[in-house]
Amino acid sequence: MKYAGRLAAATIVGVLSLAACGTDDNTSTAGGTSSAAAAQGDDTLKGTINAAGSSAQANAIAEWKKNFQSSNPGVSINYNPSGSGAGVQAFIQGTVAFAGSDSALNDEKGEPAQADARCKTGKAINLPMVTGPVAVVYNLPGVDGLQLSPKTIAGIFNSKITKWDDPAIKADNPDAQLPSTAIQAFHRSDESGTSDNFTKFLKATADAGWPYEPAKAWPAEAQGQGAKGSDGIASSIKSTEGAISYVELSFAENSQLQKAKVANGAGEYVELTPESAGKTVEAAEIAGTGNDLKLKIDYTTKAAGAYPIVLVTYEITCEKGLSAEDATLVKSFLTYTSSDEGQQALTGLGYAPLPSSLLTKVRTAVEAIS
């Protein structure tokens, strides 16, 4: 199996609209040697990668695992979609070689220092790898194309708006026929990077309508009903009339759930697509230093056509400090996931490739793993 060449320096909108088309640009870039070696496959590469974390990227990992193991039959990849919080703790405890997390290591919780201590001879790094747009999904037969502003979403999830024909929802949807059905708001019951990103969005956009601090754990004061994992959320929405929740686009599409249009900072109600989410990710700032690529996302973006609720799933690992076997295997696997083929494999799964400018930095960081 040959992996495609490096992404051309296109804008993310161009990359996303082309989906799996790619380019023929095979010029040398940072990490080119490792990518070429991974592309050939390696019958001598043997061992097991143990990893855990984000359920949001479970479908991406499954696809990557299938492709990578096909090319490298001596390697087994065990990924437990236990949730971002559990994955980070497993990494800190040294039971997995990398963690998938929908949020970077949390400074306030002391996670960077704990992760650095686990790495011993090096630093832990946050490597963006999956763009996972977060859909606001609902089950309301007969009501398609629902539109919701951030303040209305906050009111629903803060248990202040409890009926589908509430005046706030009517104001967002003046032409819709809204039933008086009771709203059943679901949230993640496990610690989740998706919850962290969703509550960051609410905190940044809803003013006093969301008085809680962003966190992986859902605030108990907001009430609602819990469901475990992204698959649990999708299943709960599909089976409950009047339900609403938040889940990654891949799970929303796999379960054929209704998706609401969400108003961005300019007041434009935007349909969720890989392209509209890409406009928000493209503008994200790098808040980390060196090969730590922690991002700062602007949830209040006013960019035309930008869908504001996005998350980026990181693979968290040691730049230096893994065992020799783990370092070799993790570096090889992440070289593939950050390759053209690895990124383009995401487009058919409800994810979006990383912007080319960010992807170049990810490849450089992966090359530094030793």
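The values are calculated or read from the model by the stated rules, or taken from the named source; none is laboratory data. All values derive from a computational prediction rather than experimental measurement. Here Cβ is always computed from backbone atoms with ideal geometry, including for glycine, and neighbour counts include all displayed protein chains.
Under the condition of being surrounded by fewer than 23 Cβ atoms within 10 Å (Cβ to Cβ) and of a type in the set (A, V, I, L, M, F, W, C), which residue from segment 197-217 is nearest to Pro81 (Cα to Cα)?
Ranking the qualifying residues of segment 197-217, first place goes to Ala217.
Taking into account only those residues within segment 94-114 that are farther than 24 Å from Glu248 by Cβ and modelled with pLDDT of 95 or more, which is surrounded by the fewest Cβ atoms within 10 Å (Cβ to Cβ)?
Here the residue is Gly110.
Among the residues of segment 212-226, write down those that are closer than 20 Å to Lys109 by Cα and either touching a strand residue (DSSP E or B) at 6+ places or on another chain (Cβ under 8 Å) or not acidic (Asp, Glu) (or both).
The answer is Tyr212, Pro214, Ala215, Lys216, Ala217, Trp218, Pro219, Ala220.
Does segment 66-93 hold any residues that are assigned to a helix (DSSP H, G or I), buried (at least 21 other Cβ atoms within 10 Å of the Cβ) and not polar (S, T, N, Q), and which are they?
Those that are assigned to a helix (DSSP H, G or I), buried (at least 21 other Cβ atoms within 10 Å of the Cβ) and not polar (S, T, N, Q): Phe68, Gly85, Ala86, Gly87, Val88, Phe91, Ile92.
Being at pLDDT below 95 and under 30 Å from Lys109 (Cα atoms), is that true of even one residue in segment 25-38?
no
Checking the condition out of contact with any strand residue (DSSP E or B) (no Cβ under 8 Å at 6 or more places or on another chain), buried (at least 22 other Cβ atoms within 10 Å of the Cβ) and of a type in the set (Gly, Ala, Ser), which residue from Gly348, Gly265, Gly342 passes?
Step by step, each of Gly348, Gly265, Gly342 is checked, and only Gly342 is out of contact with any strand residue (DSSP E or B) (no Cβ under 8 Å at 6 or more places or on another chain), buried (at least 22 other Cβ atoms within 10 Å of the Cβ) and of a type in the set (Gly, Ala, Ser).
Taking the criterion of being in contact (Cβ under 8 Å) with a residue 24 or more places away in the chain and in a loop (DSSP other than H, G, I, E, B), would at least one residue in segment 129-139 satisfy it?
Scanning segment 129-139 turns up at least one residue that is in contact (Cβ under 8 Å) with a residue 24 or more places away in the chain and in a loop (DSSP other than H, G, I, E, B).
Conditions tested, residue by residue: (1) of a type in the set (A, V, I, L, M, F, W, C); (2) closer than 27 Å to Pro355 by Cα; (3) under 26 Å from the mean Cα position of the chain (by Cα).
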site: Leu105; (1), (2), (3): yes, yes, yes
site: Asn139; (1), (2), (3): no, no, yes
site: Ala154; (1), (2), (3): yes, no, yes
site: Phe157; (1), (2), (3): yes, no, yes
site: Ser192; (1), (2), (3): no, yes, yes
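Can you say whether Thr194 is touching a Pro at 6+ places or on another chain (Cβ under 9 Å), among the polar types (S, T, N, Q) and either under 30 Å from Ala52 (Cβ atoms) or crowded, with 18+ Cβ neighbours inside 10 Å (or both), as far as the supplied structure shows?
No; evaluated as a whole, the condition is false for this residue.
Residue by residue through segment 160-174, note down the ones that are outside any loop (DSSP other than H, G, I, E, B), touching a Ser or Thr at 6+ places or on another chain (Cβ under 9 Å) and not small (Gly, Ala, Ser).
Lys163, Ile169, Asp172
Just checking, does segment 328-338 include any residue being of a type in the set (Ser, Thr, Tyr), modelled with pLDDT of 95 or more and touching a Pro at 6+ places or on another chain (Cβ under 8 Å)?
Within segment 328-338, none of the residues are of a type in the set (Ser, Thr, Tyr), modelled with pLDDT of 95 or more and touching a Pro at 6+ places or on another chain (Cβ under 8 Å).
Using beta carbons and a limit of 8 Å, which pairs, at least six apart or on different chains, have the first residue in segment 342-370 and closer than 24 Å to Leu329 by Cα and in contact (Cβ under 8 Å) with a residue 24 or more places away in the chain and the second one part of a loop (DSSP other than H, G, I, E, B) and of a type in the set (Phe, Trp, Tyr)?
Gly342/Tyr3
If you take the residues of segment 221-236 that are assigned to a helix (DSSP H, G or I) and among the charged types (D, E, K, R), which of them is modelled with the lowest pLDDT?
Taking the candidates together, the pick is Asp231.
Any idea which residue in segment 222-239 is surrounded by the most Cβ atoms within 10 Å (Cβ to Cβ), counting only those that are under 20 Å from Lys160 (Cβ atoms) and more than 22 Å from the chain's Cα centre (by Cα)?
By that ranking, first place goes to Gly224.
Count, please, the residues in segment 174-191 that happen to be in contact (Cβ under 8 Å) with a residue 60 or more places away in the chain, among the polar types (S, T, N, Q) and surrounded by fewer than 18 Cβ atoms within 10 Å (Cβ to Cβ).
Counting residues in segment 174-191 that are in contact (Cβ under 8 Å) with a residue 60 or more places away in the chain, among the polar types (S, T, N, Q) and surrounded by fewer than 18 Cβ atoms within 10 Å (Cβ to Cβ) gives 1.
For segment 140-150, which positions are surrounded by 20 or more Cβ atoms within 10 Å (Cβ to Cβ) and not in a loop (DSSP other than H, G, I, E, B)?
Leu148, Pro150
Of everything in segment 313-345, what is part of a loop (DSSP other than H, G, I, E, B) and touching a helix residue (DSSP H, G or I) at 6+ places or on another chain (Cβ under 9 Å)? Give them in sequence order.
Within segment 313-345, Glu319, Lys320, Gly321, Leu322, Ser338, Ser339, Ala345 qualify.
For segment 249-260, name all the residues that are over 14 Å from Trp164 (Cα atoms) and either in contact with a helix residue (DSSP H, G or I) (Cβ under 6 Å, 6 or more places away or on another chain) or in a loop (DSSP other than H, G, I, E, B) (or both).
Residues satisfying the conditions are Ser250, Phe251, Ser255, Gln256, Leu257, Lys259.
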